[in-house]
Amino acid sequence: MAALLELRDVSKAFGGLQVIDHLNLHVDEGEIVSVIGPNGAGKTTVFNLITGIYHVDSGEIVFEGDKVSGLPPHAITNRGIARTFQTLRLFLNMTVLENVMAAEYGQTKATALEAMLQLPRARREEKRIRKVAEEKLAFFGQRLAGYRHDQPAYSLSYANRRRLEIARAMATNARLLLLDEPAAGMNPHETHEITELIGKLRDDADYSILVIEHDMHVVEGISDRVIALDHGVKIAEGLFDEVATHPLVIEAYLGVRAEAEAV
Amino acid sequence: MSSLGGGQPGEGGLPAAAPEPVDAPDRVKVGVDEWVAEAEGRRAARSGLTGALVRVWERLPAPARLAILIGPFAIFPFITNEGNLYRYGLITIIYALLALGLNVVVGFAGLLDLGYVAFFGVGAYLYGIMASGHSGHHLQAEIAIPIVVISTALFGLLLGLTSWRLLGDYLAIVTLFFLQAFVIFVNNANGGLNDFSYPFVGKVDLTGGSNGLDQIDPLNFFGYHITTTKGYYFFTLISITLLMTMLYFVNGSRTGRAWRALREDPLAAEVMSVPVNRLKLLAFMFGAATAGFSGTIYGAVQSGAFPGDYDVGLLITIYAIVILGGLGSIGGVVIGALVVNGAPELLRSSSNARFLFYGVLLLALFIAMRPWYKPVVVLLGTIAFGFAVHGIASAVWSRGTAGHIEGGGQLGRALEHWVLLPRNTSSIAGWAYFALIVAALVLTLLRGWWRALALIPTLYLASFVWENKLVEQVSGATRLILLGGLLVVIMNVRPSGIFGTSRVEIA
Amino acid sequence: MKKVVVAATLAAALAVLATAAWGSTKGSTKVASQANASSALVKCGKTRSIGLLAPITGPAASLGQPQVHWAKFFVSNYNKTHRKKFKLVPEDTQLGAANGTAEAVKGAQALGSSASVLGVVGPAGSNEVKATTGALKGAGLGWVSGSATNTQITLDGTRTGFFFRTVPPDSSQSKSVTGYITGTLKLKRVYIIDDQEAYSTGLADEVQAQLQAKGVTVGRDGVSQQQSDFTSLINKIPRNTQLVYLPWQLPPKGKAFGQQMKSQGRAGVKLMGSDGLFDPLFSSLGNNVYDSFFPLNPADKRVAAFKASHKGTELFGAPSYVAAQVVAGAIDRACKNGTATRAEVRAQIKKTSIAASASLLGLKVAFDKHGDMVKKPFGIYHSVKGVFVRVA
Amino acid sequence: MNWSLFFGELVSGLTLGSIYALIALGYTMVYGILKLLNFAHGDVYMVGAFVGFFVLKWLGGPLAPAVTGWLAVAIMFTVAMLACGALGVGIERFAYRPLRNAPRIAPLISALGVSIFLQNSALLLWGPQFRDYDTFDLVGVKSYHIGTNFFISNVQILTISVSIGLTILLALVISRTRTGKAMRATSFDRDAAEMMGISIDRVISFTFFLGSALAAAGGIMFGLVFGQIFSLMGFTAGLKGFTAAVVGGIGSIPGAVLGGFLIGLTEAFATGYLPGGSVYANLYVFALLIVMFLIRPTGLLGSPVIQKV
């Protein structure tokens, strides 16, 4: 079966620094893949390359059999890849509901002129995406429910902001979600919740997921497959147990032990 | 400045028992869930008449709000004469119309465009070229206006292209240069000796150079000429009502959301399927088209276009309107335009200006200071202080009370016994002005009764400076001084403008 | 804090609206609309009003203040000797200010809707004359400028019968200047620098065209009135240039230019200014300085009286004295039967005839069909020991 | 080739450039630390020129100064630089500090407000008229000729050398003193610097002091070279100063100086050589800016920024 997402021999350098070095990686339909590695291993860079924020120096990225590297970010998102950010990037001064609806831009067609004159298509689309947005938010149960939809996003707690970012990514109609440290900054209880949620995203909502995570409990709990990166090179790949005990991985982490623990 | 000193944020404003107002941007407890739970409670905590008004306003449906904003304007022509209708009414709405477009670029999309008023000029000049005695063409408005709107939109597109690569302050500086370029161009494009020679046509008198392009036709729709101020007034009023309605719809649509997302975080917006570059261009085009349209009206109203009218002075005015009204607030621009254009017009005559000055000072005092007896004490103290100073001065320094207030009416005559009016004021008043600024700044550092106490001499100083210095140049420097001070104060008290919703920004 | 600010602004906005409505109702019964403003009868009464449009503040206040002083000087002189009094209604146009001509138009609108105003003195700039045309003409007012010299504003026919001026146009000044340069000085290479303002470019264009027609080699450049750094421009002036012509309005700029010429080692080049530079600041540059100025009868005792009551001479404002004289005379004649209309006043302005003996300018003041003075000679002055002396 | 025109424009450009460089330094330092476009900077420069003028008047005026001309000039520089330094600190304290955590546009508008306020206060207090430094009478302008085509006046020499001297002094302050090091640290990473125990408020005040003092020096130099000052001189100069800072790479001190000279020279040579030069000089500077942005969006000496996600 063809992979949903495939990185073929991708390289990226900033100045003289090789951040990603001939990386090969793939995510299959319905799979949850975790990327681990010490700080500076290039994990987030991989996400930035996939979503088109950075351009690849060489190699190519293929999604559903089509080359997506070289497309602008919004076009890549419209193909079905959406992400969250490690440093939350919500639209803080927009309401919770608007945050989600904004991400549905790619699925609507009505022009500004149609909106001005309130032509039928604009009204129809608006109704539709509002419903979709509410559905996506409903995925998080009571957490993002009800009157909170009209509150500005900045009024949400840290954990809820992470949830809202995921809801926003879902609303783009993505098939593949890239989650950048979804459990960062959460307490054990919330971490547990997010672990379950990621499983639910795959099982109930049919998303394939590529996730960066530092919390090994989360990684262990969700991953079908784990990929370890160090200095932009894939050093191990396989089931969690295999990777976690891989000598290169241990060395990579021990070599920068202090940093790894600090995270 | 002094009138604003009284309106500084203090501990007043709320009854002692009321909780801290948490909606001030610096006090927002970011990321605390309880904030949400408290929201209802905070809304209820707004007490008094203002609170009630705000509540009513927030609950009104949008058409009702529009009607309340526009209603007084619709009545205005029937209670005033042509000259006042022009100065207070027509110019205010034209500015509001212009500010609406800027609000899209800066308020919605967050693009700091300092070249905006150039499009206003482009509109006026283009219309002038198509329909004026100067150019010899006399196009009907129903043809000229679409041409102007489309061409200014295209100019907007060109300038907008720079926003693909430049952000924030860099964009600001490039667009500001664009404005300078526009002014230099129209100042010289008269086919004169400094002028360019255009391909194919050679030297052409496009803009009349620094003399301006005059004899612009009145707007002429299908043979119907708008000739009176009233006619232009209603034409503009209807235009702005329509535009506000349309903007309201756009703001709630996918395009409006995308613009705001772009303002909040361009990168996140791009990754969330918003074609950021296209939307930037759209915002620039939208703004430019609005400016072009209002420029056409202005050109027809003025029956001419002159280079200086579209320079930095207007830019500052329009920015002040947008910021005062609240960035991103559609209705706010109307209030902003009313204050920014109306207040200086009132200041034109010095007796009006005097009423306005003392009135606003009193108002600010009573609104900003609580409990009620505090401003009363300050007021009485100031009056007593003034008579004391005046009394002492008339005994020992007769030169200090020798001056007169010219044409001041009753208030003026009363003030002659209270405020010092030295005969030769220029240097004394200069130093007093300096002292007043220092005093107003010091006031912001004081709290409680100390501030009230310090207010007394400061207020007296303010009226001294007003009567001896500021009143001389009410329509010129004074009005801009007040405007500049107002911008600083508003930004410090409410960074999102008076009617804007308070925002947070986490870098 | 929010509610305080919101309340304050709402209150301010309400105050503005209320005061505007209140202030406007007072005059509204008298002048109903522009259509009949021109023919509305006004009781002349004891005190008659003349509107005065001048840059009282703003960058060009140094030009506007003399005009205000001279106009006021006329009114106070007149009021001393006449039973019927005149009153000036000043409106600030802020010529050259950041808001361009917008202030001038607002001022004109205010005058137009003020029922008692029968005629207007000013505005100062030619572009202001153009900009205020709609407002003043619409209100049926006649207006007389003492400093708008652009040739076209009378000839283009737009404001014929409404606009008049008591200063000779650029065409007349340029003729005198060209005549002196080619005839008396016999120069062959001239450099012209305008200051990018309406007044300046118009005059510069005319002088340049006339000089070139007489076979003089002319270089042309412009520099913003806001600029004081002329050295790079001075470097560019060809070495063999004999005279630099500066049709500027701000004497200090003229002085700065002259000084920078000296510091760049170009002290030998002659400088010639226009009426805007007719000032001791400019003449103090030395003996190679020339200037052109409208004729003023220096022997007139009113000039001496003005000098005595005002510290400076402020001669640039003198035509505004004449303008006020013209408007006041017209109102007087129109008011013979106790009432007047603006149209009557306009007609009387057109018929103005002030004898040479009564005229401050030392010549008969009367208007041709365009609104220009019938006689419009220009004088040429040469700086001798720092003072301008008339040479032609 | 007309060498006299070439050298003339060269000297003019360097003179103008050294003034722009001094203004640009203030912009670049403030921008480096606060990421704030300090619109009021140009008006501080104007105030500096006026303070210099009033000091001169107080000393008896250019015609009869109480001390010799050059000493008078030195006093003018000192007083104006100190006064404007204090002004800068005051502006920062009252108009920008309360907005340090506000949305980016707020301090920018506040700066615009301060600019309008200062400019019109000057208009109100000192009027629109031009004030003469009367440099000829004050110090006696002399021109020095080298060969037939090259000449330079003593005031131009003074301007260029004072500008370079002040820049070197500034570089020393920043690289050698404790406060200077704190400035660099703050500009690199404000939060980290704060955590390291640097008093951010003090550093920012100091930055404003230095920047404003340099602008004041620029203002006086303008008065000396071109003879006169006026209350509206700040806007254009501020714009040029900022452009210089951007061209040089905002945040970079040598960049600001380089940018200043580049803008000055562009203006002078555009005036001298290009069609309609003196009228369109600003447009040519604009064109330079656009080209600059297209080639190096972060300026000549600015470090390229990688967007962090």
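The values are calculated or read from the model by the stated rules, or taken from the named source; none is laboratory data. Note that the coordinates shown come from a computational prediction; the quantities given were computed from them, not determined experimentally. When we count neighbours, we look across all protein chains shown, and the Cβ atoms used for this are built from the backbone with ideal geometry, even at glycine. The accessibility values were calculated without ligands, DNA or RNA, using every heavy atom of the protein model including side chains. Shrake-Rupley method; radii C 1.70, N 1.55, O 1.52, S 1.80 Å.
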Worksheet item: D:Leu214 versus (1) assigned to a helix (DSSP H, G or I); (2) open to solvent by 20 Å² or more (accessible area, probe 1.4 Å): which is the lone unmet condition?
Response: (2)
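For the range B:132-144, enumerate the residues that are part of a helix (DSSP H, G or I) and either open to solvent by less than 10 Å² (accessible area, probe 1.4 Å) or touching a helix residue (DSSP H, G or I) at 6+ places or on another chain (Cβ under 6 Å) (or both).
Step one: list which residues in the range B:132-144 are part of a helix (DSSP H, G or I), which gives B:141-144.
Residues satisfying the conditions are B:Ala141, B:Ala144.
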Worksheet item: Within the range B:218-230, how many residues turn out to be open to solvent by less than 30 Å² (accessible area, probe 1.4 Å), within 12 Å of B:His138 (Cα to Cα) and not aliphatic (A, V, I, L, M)?
Response: 1
Practice prompt. Please work out which one of (1) within 13 Å of chain B (Cβ to nearest Cβ); (2) modelled with pLDDT of 85 or more; (3) crowded, with 24+ Cβ neighbours inside 10 Å is the condition C:Val68 fails and give its number.
Written response: (3)
Fill in: Which listed residue, of D:Leu283, D:Leu224, is open to solvent by 10 Å² or more (accessible area, probe 1.4 Å) and in a helix (DSSP H, G or I)
D:Leu283
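Does D:Val89 qualify as being part of a helix (DSSP H, G or I), in contact with a Ser or Thr (Cβ under 8 Å, 6 or more places away or on another chain), of a type outside the set (Ser, Thr, Tyr) and more than 9 Å from every other protein chain (Cβ to nearest Cβ)?
Details: part of a helix (DSSP H, G or I): yes; in contact with a Ser or Thr (Cβ under 8 Å, 6 or more places away or on another chain): yes; of a type outside the set (Ser, Thr, Tyr): yes; more than 9 Å from every other protein chain (Cβ to nearest Cβ): yes.
Criteria met by D:Val89.
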Worksheet, complete the sentence: Taking the range A:58-83 and keeping only residues that are away from every other protein chain (no Cβ under 14 Å) and either in contact with a Cys (Cβ under 8 Å, 6 or more places away or on another chain) or surrounded by fewer than 17 Cβ atoms within 10 Å (Cβ to Cβ) (or both), one is left with A:Ser58, A:Glu60, A:Glu64, A:Gly65, A:Asp66, A:Lys67, A:Gly70
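Look through A:Leu90, A:Leu49, A:Leu97 and report the one residue that is open to solvent by less than 40 Å² (accessible area, probe 1.4 Å) and over 22 Å from B:Asn277 (Cβ atoms). Spell out the reasoning first.
Values: A:Leu90 fails: over 22 Å from B:Asn277 (Cβ atoms); A:Leu49 fails: over 22 Å from B:Asn277 (Cβ atoms).
Every option except A:Leu97 fails the conditions.
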Worksheet item: Hey, any hits in the range C:289-304 for a residue that's open to solvent by 50 Å² or more (accessible area, probe 1.4 Å) and among the hydroxyl-bearing types (Ser, Thr, Tyr)?
Response: no
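Do the conditions hold for C:Arg159, that is, is it of a type in the set (Lys, Arg), open to solvent by less than 10 Å² (accessible area, probe 1.4 Å) and out of contact with any strand residue (DSSP E or B) (no Cβ under 6 Å at 6 or more places or on another chain)?
Values: of a type in the set (Lys, Arg): yes; open to solvent by less than 10 Å² (accessible area, probe 1.4 Å): yes; out of contact with any strand residue (DSSP E or B) (no Cβ under 6 Å at 6 or more places or on another chain): yes.
Judged against the criteria, C:Arg159 is a match.
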Response to the item:
In the range B:254-279, residues that are crowded, with 24+ Cβ neighbours inside 10 Å and within 24 Å of the chain's Cα centre (by Cα) total 2
Discussion item. Checking C:Pro90 against (1) in contact with a strand residue (DSSP E or B) (Cβ under 9 Å, 6 or more places away or on another chain); (2) at pLDDT 90 or above; (3) of a type outside the set (S, T, N, Q): exactly one of these is not met. Which one?
Written reply: (2)
Worksheet item: Can you name every residue in the range A:34-46 that is closer than 13 Å to A:Glu213 by Cα and either assigned to a helix (DSSP H, G or I) or touching a Ser or Thr at 6+ places or on another chain (Cβ under 7 Å) (or both)?
Response: A:Ser34, A:Lys43, A:Thr44
Worksheet item: Restricting the first residue to the range B:358-386 and requiring it to be more than 14 Å from B:Trp449 (Cα to Cα) and open to solvent by less than 60 Å² (accessible area, probe 1.4 Å), which pairs with a second residue that is at pLDDT below 85 and polar (S, T, N, Q) meet a Cβ separation below 7 Å and a spacing of at least six or different chains?
Response: B:Val360/B:Ser3; B:Leu361/B:Ser3; B:Ala364/B:Ser3
Fill in: Any chance D:Gly248 is within 14 Å of chain C (Cβ to nearest Cβ) and at pLDDT 85 or above
no
Worksheet entry | Residue among B:Ala289, B:Ala305, B:Ala353 that alone is open to solvent by less than 10 Å² (accessible area, probe 1.4 Å) and within 21 Å of B:Gly156 (Cβ to Cβ) | B:Ala305
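Hey, could you check the range B:174-190 for residues that are of a type in the set (S, T, N, Q) and open to solvent by 20 Å² or more (accessible area, probe 1.4 Å) and say which is farthest from the other protein chains (Cβ to nearest Cβ)? Lay out the reasoning, then the answer.
So in the range B:174-190, the residues of a type in the set (S, T, N, Q) come out as B:175, B:180, B:187-188, B:190.
So of that shortlist, the ones also open to solvent by 20 Å² or more (accessible area, probe 1.4 Å) come out as B:180, B:187, B:190.
On the way: B:Gln180: 6, B:Asn187: 6, B:Asn190: 8 Å.
For the range B:174-190, the residue satisfying everything is B:Asn190.
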Discussion item. Given the criterion more than 12 Å from the chain's Cα centre (by Cα), under 28 Å from C:Gln264 (Cβ atoms) and in a helix (DSSP H, G or I), identify the matching residue among D:Ser12, D:Ser18.
Written reply: D:Ser12
Discussion item. Please return the ranges of helices (runs of 4 or more DSSP H) entirely within the range A:150-263 where 2 or more residues are among the charged types (D, E, K, R) and within 17 Å of the chain's Cα centre (by Cα).
Written reply: A:158-171, A:188-203
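Can you name every residue in the range C:378-392 that is open to solvent by less than 60 Å² (accessible area, probe 1.4 Å) and either at pLDDT below 85 or of a type in the set (Phe, Trp, Tyr) (or both)?
Let us first name the residues in the range C:378-392 that are open to solvent by less than 60 Å² (accessible area, probe 1.4 Å), namely C:378-383, C:386, C:388, C:392.
Within the range C:378-392, C:Phe378, C:Tyr381, C:Gly386, C:Phe388, C:Ala392 qualify.
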Discussion item. Can you pull out every residue in the range B:260-275 that is within 15 Å of A:Thr77 (Cα to Cα) and outside any helix (DSSP H, G or I)?
Written reply: B:Met272, B:Ser273, B:Val274, B:Pro275
